[in-house]
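Shown next, in structure tokens, is the structure this report addresses.
Where a number appears in this text, it was derived from the coordinates with a stated rule and is not lab data. No experiment lies behind these values; they were computed from the predicted model shown. Note that each Cβ is placed from the backbone with ideal geometry, even for glycine, and that neighbours are counted across all protein chains shown.
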Amino acid sequence: MRLAVAATPNVAIPTLDWLCSSEHEIAFVVTQADRPAGRGKFMTPTAVGSWAMEQGIEILKPIAISELLGPLRAVDLLLTIAFGTILPIEVLSTPKFGSVNMHFSLLPKWRGAAPVQRAIENGDTGGGITVFAMDKGMDTGPIFLQREFRFPSDASSGEVLEALANLGPEIVSKTIEMISRGEASTPQQELGVSYAPKVTKAQAEIQWASNAEQIIRKIRAFTPEPGAWTTWRSSSFLISRATFGPGSLGLSIGELLVRDGVIAVGCGGGSSILVQELTPAGKKKMSAQAWLNGARIETGERFG
């Protein structure tokens with residue numbers, strides 16, 4: 001089958017690698033425009049754009065979505081994976097067999113841009129991956145296949161997405177086989193619908209009045225993007241890994257305690273967390289111990 005793939009981040013690459021080694025053909029990839037990145041703000045292609053350049057595959061970065069209509073008439077199927085732009089139905093219906101999306105939840109739960117992040121934030125212990133036929137709604141189309149996945153108890157959203165991405169080749173392969181054989185997809189149920197809007201930076205700020213469980217879920221959910229953050233000495237401060245602290249420290253909300261090379265932070269309800277990994281403003285990610293080697297924490301200091 002001759003496919004086009006519309007995708008942007010790294011989670012698409014395991015499936016793209018499989019397609020390159022399969023009997024199928026990637027006619028071209030569609031991805032977002034280059035954007036400034038890093039301290040130098042150099043224009044940088046997306047992860048999928050870089051991959052396609054290395055493979056010598058044609059890349060389209062349309063300014064107007066209507067630019068895709070002509071190229072898509074020459075393909076059998078459009079596969080989208082976290083493309084980042086809603087495509088109109090006239091585009092989705094242009095390929096011979098229409099368009100399918102690989103979505104990182106068990107639909108109809110967590111429709112939207114941030115399914116894994118919202119699932120972890122909500123306290124879900126598992127999720128999965130769905131391939132469905134795209135229609136004019138947001139993640140509402142009929143389902144071809146789903147695979148369940150149990151979240152490791154301490155995994156970040158980035159780690160869960162990486163594991164789910166590695167399930168992509170199998171489920172996409174079987175979906176293409178179903179489409180080739182003319183097998184029908186199954187309409188989504190309306191029971192159990194929930195939504196996963198994109199996470200804003202403001203939503204990723206740690207609220208220390210929350211209890212330790214809620215804060216640890218937020219840290220896991222928003223790592224690596226957009227990053228769970230707080231402030232220390234008026235500077236932004238990312239926390240990327242933490243665990244539960246003892247409940248008898250008597251810390252006020254946001255108060256820091258350093259003991260035996262460990263950073264404890266007071267949370268709501270008398271609970272606390274132990275910070276394991278962090279990124280101070282303007283520096284690279286480091287262990288809490290490495291940060292303590294240079295920081296001078298004073299009695300009574302706090303985050304937030």
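A few points about this structure:
- Computed on segment 212-294, the Cα convex hull volume stands at 88 Å³ per residue.
- Counting lysine pairs in the chain that sit 8 or more residues apart in sequence, or on different chains, and whose Cα atoms lie under 23 Å apart gives 23.
- The GluC sites (Glu not before Pro) found in segment 10-65 that occupy coil by DSSP, while having at most 14 further C-beta atoms within 10 Å, are Glu23, Glu58.
- Rounded to 5, percent antiparallel among DSSP beta bridges of segment 2-180: 50
- Taking Kirkwood radius over Cα pairs in Å as calculated from this structure, the corresponding entry among (i) 21.1; (ii) 18.7; (iii) 20.3 is (i).
- Under 11 Å, Cβ to Cβ, from Ile179 - net charge with Lys/Arg +1 and Asp/Glu -1: 0
- Centre separation in Å (Cα based) which lies between segment 48-72 and segment 137-163: 26
- Long-range amide H partners of Leu106 with built H, under 5 Å: Gly128
- Residue-averaged [θ]222 nm for the chain, counting only DSSP H segments that reach four residues, each worth -39500 (n - 2.57): -6500 deg cm²/dmol
- Proximal charge balance of Pro88 [Cβ under 14 Å; K/R count +1, D/E count -1]: -2
- Anisotropy class of segment 2-180 from Cα gyration tensor, a/c 1.5 cut: oblate
- Taking the chain as a Gaussian network of alpha-carbon nodes connected by springs under 10 Å, the highest mean-square fluctuation of the residues Val30, Val258, Val48 belongs to Val258.
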